[in-house]
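Student: The structure follows.
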Amino acid sequence: MKFRYANENDVTLILSFIKRLAVYEKMLDEVVANEELLYDWLFVKKVARVLFVLDNNQEVGFALYFYNFSTFLGKAGIYLEDLFVLESYRGKGYGKGLLKKLAQICVEEDLGRLEWSCLDWNTPSIDFYKSLGARVMDGWSVYRLTGDTLQSFAKESTHD
């Protein structure tokens, strides 16, 4: 199994994988990313990385991740934002290969953990993650401010 990091010429391919993931997750209407935004954030600001898994030199899956930090561990970790394998390549070890590669990066870089989120209804992925030994973070919920709510909250006085 071969892997390669995305480069500036892969923006169209990255966006294609993001949209395919969004279709799978029934969230395509929420994708506002475009090639210009991805280019700026991934290759100019360099806030995240994209790793492709290859079959015969063809990209068949991707993982988009960034570094986070655990105050309890006192170490950085990897947060896997997106993992997606093309449907015709599922069940052939490519998803596991991407996760294993990220785990190897964690070990090589002395990072504290590899973590990600999964939609509650996505039973095939949940079962897959559990088969790898990943554990559900019971008692934790994800919270998010975005869009107009984020803008409004940011404009409120910090003295309240």
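The values are calculated or read from the model by the stated rules, or taken from the named source; none is laboratory data. For clarity, every value in this text was computed on a predicted model and none was experimentally measured. In this analysis, Cβ positions are derived from the backbone assuming ideal geometry, glycine residues included, and neighbour counts consider all displayed protein chains.
Student: Go through PHE69, PHE43, PHE84 for me and flag whichever is without any contact (Cβ under 8 Å) to a residue 60 or more places away in the chain and either under 26 Å from THR12 (Cα atoms) or in a helix (DSSP H, G or I) (or both).
Tutor: From the options PHE69, PHE43, PHE84, the qualifying one is PHE43.
Student: I need every pair where a residue in the stretch 126-140 that is closer than 12 Å to GLY95 by Cβ has its Cβ under 7 Å from the Cβ of a residue that is surrounded by 10 or more Cβ atoms within 10 Å (Cβ to Cβ) and of a type in the set (Gly, Ala, Ser), sequence separation at least 6 or different chains.
Tutor: From residues that are closer than 12 Å to GLY95 by Cβ, the pairs are PHE128/GLY95.
Student: Do you know which of the residues in the stretch 89-138 that are among the aromatic types (Phe, Trp, Tyr) and part of a helix (DSSP H, G or I) is surrounded by the fewest Cβ atoms within 10 Å (Cβ to Cβ)?
Tutor: Taking the stretch 89-138 as the starting set, the residues that turn out to be among the aromatic types (Phe, Trp, Tyr) are 89, 94, 116, 121, 128-129.
Still in the running and part of a helix (DSSP H, G or I): 89, 94, 128-129.
On the way: TYR89: 15, TYR94: 21, PHE128: 18, TYR129: 18.
Across the stretch 89-138, the extreme among qualifying residues is TYR89.
Student: Right, another one. In this structure, is GLY147 at pLDDT below 95, on the phi > 0 side of the Ramachandran plot and surrounded by 10 or more Cβ atoms within 10 Å (Cβ to Cβ)?
Tutor: In short, no.
Student: Another one. Report yes if some residue within the stretch 4-13 is closer than 24 Å to TYR94 by Cα, among the basic types (Lys, Arg), buried (at least 16 other Cβ atoms within 10 Å of the Cβ) and in contact (Cβ under 8 Å) with a residue 24 or more places away in the chain; otherwise report no. Spell out the reasoning first.
Tutor: Initial filter on the stretch 4-13 (closer than 24 Å to TYR94 by Cα): 4-13.
Now restrict to residues that are among the basic types (Lys, Arg): 4.
Now restrict to residues that are buried (at least 16 other Cβ atoms within 10 Å of the Cβ): none.
Taking every residue of the stretch 4-13 in turn, none turns out to be closer than 24 Å to TYR94 by Cα, among the basic types (Lys, Arg), buried (at least 16 other Cβ atoms within 10 Å of the Cβ) and in contact (Cβ under 8 Å) with a residue 24 or more places away in the chain.
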